[in-house]
Amino acid sequence: MLVAAQVLSGAGLAAGITVGALLAQDLLGSTGLSGLPSALFTIGSAAAAVLVGRLSQRWGRRAGLSLGYGAGALGSLGVVVAAALGNVALLFSALFVYGAGTAANLQARYAGADLAPEQHRGRAVSTVLMATTLGAVAGPNLAEITGDLADALDIPRLAGPFLLAAAAYAAAALVLWVMLRPDPLLTARELAASAPQDIGARHRVTGVSGGGGRLVLGASVMVLTQLVMAGIMTMTPIHMQHHGHDVGAAGLVIAVHVAGMYLPSPISGLLVDRFGRLPVATAAAVTLLAAGLLAALAPPHSVLLLALALGLLGLGWNFGLVSGTAIITDTVPLATRAKTQGTVDVAIALSGAGGGLASGLVVAGSDYATLTIVGGVVALAIIPAVAWTARTRSPESVG
C-alpha cells in the first residue's frame, strides 16, 4: 500500500515542478520572482516535515503520512482557486500548504526502511522511491491534457496540473489511512522491544548512539543535493520558455528530470548496499557537477541536451537521497527516529526553498548558464565532507 500511495503522490508533486514557476510568472509579470513558488512549497514542506515527523513518532507512519497528503490535496485546490481569481496572495498561501504533499512523499522513504535490516536499507529506500516514478513521470506529460481540462472549466491552463495534484494527493491519503496496516514504524518498535536485549538492541531502542558525525554527514549530503537540484530545476522551464519552447516541451524535460530522480532508485539502492554509503554520496556530487556543466553548454534550442542535463541532475539527487537516507537510518535509534528524520527533512526542504528562490535572482542578474555552473560547483562540497567522515568513522560503521 505504501507503493500504491507513492505512485499516486508522484503525480501530485510533479505539478508544482512543471508549472509552478510559469504560473507565478504569469501572475506577477516578473522572471526575478518566478523562483518564489518553488521556495514557498518547499518552505511549506519544511513546516509539514516537522508535523509529519512528530505525528509519525507518536502515532505511526500511517497517521503522519496521511495527514501530509491530505494537506497537499487542500493546497492544490487552493492553487486552482487562486489562479482562477488571479489572487497572488492566495496563490502563495496555497503553495505553502501544497508543500505538505512533498514532505509526505519524501518521508515515505523512511517508512520503507523501518523494517529493513541494515545491509538491505538502500534497496528498501529505493523501492519506495521507485514507486514514485510512474506518477511523477506521467504528471508533467499530462500538462497539456490537464490544461485542456482547465480550459473546459474556464480557469487558467497552467492551473490544470494542480487539479491532477489534488486528486492524486487525496487518493494517496485515503489509500494509506485505510490500508497501511500494520504500521511499519510501530511494528519495528515492537520487534525491537521483544528482541534479546544485547547492546546493539538497546542502542537502537533507547537512542544511545555515537553516530553524531554520520548524522551530520547524511543530512549534509541530502541538503546540498536538494539545494543544487531545486535551483537548476526551477529555472529550466523559464529558460526554455524564453527561448521559444512551449509548456509541452518543458513538461517533457521535467518528465525526464523526474525519471532521473526516481527511476534509477533500484540501482542506487543496490550500489549503496554493495559498495557503501560514502562512495555513492561522492558519486552524487560528481553527477551534479556533470549535470550543471551540460546544462550550461547545451544550446537553448536543444530539448534533447536539456533533457539529458536534467536527467543527470535527477540522478545526482537520487544518489544523494538514497545514500543520505541510509546513513540517517543507520545512525538514528528507533526511540527518536521519526522525529529526527522529520527535523532532517526540514533542513532539506529549506535548502530547496533557498535554491528555488535564489535561482530566479541569479538568472535575472546573470543567466541560466551561470546558475547551472555555480550549482555544480556547490555540489562538490559533498566530497570533503565524505572524506572527513571516512577518516574519522568507527570500525563498525557501514560504508
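Rule-based calculations on the coordinates, nothing more; no lab input. This structure is a prediction, so every number in the text was calculated from the model and none was measured. Cβ placement follows ideal geometry from the backbone for every residue including glycine, while neighbour counts extend to all protein chains displayed.
Structural remarks
- Residues of the stretch 283-317 satisfying the condition of being among the β-branched types (Val, Ile, Thr) and crowded, with 21+ Cβ neighbours inside 10 Å: 287
- Here residue 128 clears all of (1) over 17 Å from the mean Cα position of the chain (by Cα); (2) crowded, with 24+ Cβ neighbours inside 10 Å except the condition numbered (1).
- Index of the failed condition, residue 338 passing every other in (1) among the hydrophobic types (A, V, I, L, M, F, W, C); (2) crowded, with 22+ Cβ neighbours inside 10 Å; (3) out of contact with any Leu (no Cβ under 7 Å at 6 or more places or on another chain): (3)
- Residue within the stretch 343-354 that is more than 16 Å from the chain's Cα centre (by Cα), in a helix (DSSP H, G or I) and charged (D, E, K, R) present: no
- Taken together, the residues in the stretch 136-145 that are surrounded by fewer than 24 Cβ atoms within 10 Å (Cβ to Cβ) and either under 27 Å from residue 327 (Cα atoms) or within 15 Å of the chain's Cα centre (by Cα) (or both) amount to 1.
- Which listed residue, of 128, 88, is closer than 30 Å to residue 328 by Cα and not charged (D, E, K, R): 128
Table: residues versus (1) in contact with a Leu (Cβ under 6 Å, 6 or more places away or on another chain); (2) farther than 15 Å from residue 176 by Cα; (3) free of Cβ contacts under 8 Å to residues at least 12 places away in the same chain; (4) among the small types (Gly, Ala, Ser).
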{"position": "96", "(1), (2), (3), (4)": "yes, yes, no, no"}
{"position": "99", "(1), (2), (3), (4)": "no, yes, no, yes"}
{"position": "107", "(1), (2), (3), (4)": "no, no, no, no"}
{"position": "113", "(1), (2), (3), (4)": "no, yes, no, yes"}
{"position": "121", "(1), (2), (3), (4)": "no, yes, no, no"}
{"position": "125", "(1), (2), (3), (4)": "no, yes, no, no"}
{"position": "129", "(1), (2), (3), (4)": "no, yes, no, no"}
{"position": "133", "(1), (2), (3), (4)": "yes, yes, no, no"}
{"position": "138", "(1), (2), (3), (4)": "no, yes, no, yes"}
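- Every pair of residues 6+ apart whose Cβ atoms lie under 9 Å, when the first sits in the stretch 279-290 and is under 13 Å from residue 384 (Cβ atoms) while the second is surrounded by fewer than 19 Cβ atoms within 10 Å (Cβ to Cβ): 281/383; 282/383; 282/387; 285/380; 285/381; 285/383
- Top-ranked residue in the stretch 78-118 [being of a type in the set (D, E, K, R) and assigned to a helix (DSSP H, G or I); ranked as surrounded by the fewest Cβ atoms within 10 Å (Cβ to Cβ)]: 118
- Contact annotation: residue pairs with Cβ atoms under 9 Å, 6 or more positions apart or on different chains, pairing a residue in the stretch 159-176 that is within 17 Å of residue 64 (Cα to Cα) with a partner that is part of a helix (DSSP H, G or I) and among the charged types (D, E, K, R), are 176/61; 176/62.
- Positions within the stretch 244-272 being farther than 22 Å from residue 9 by Cβ and crowded, with 24+ Cβ neighbours inside 10 Å, in sequence order: 272
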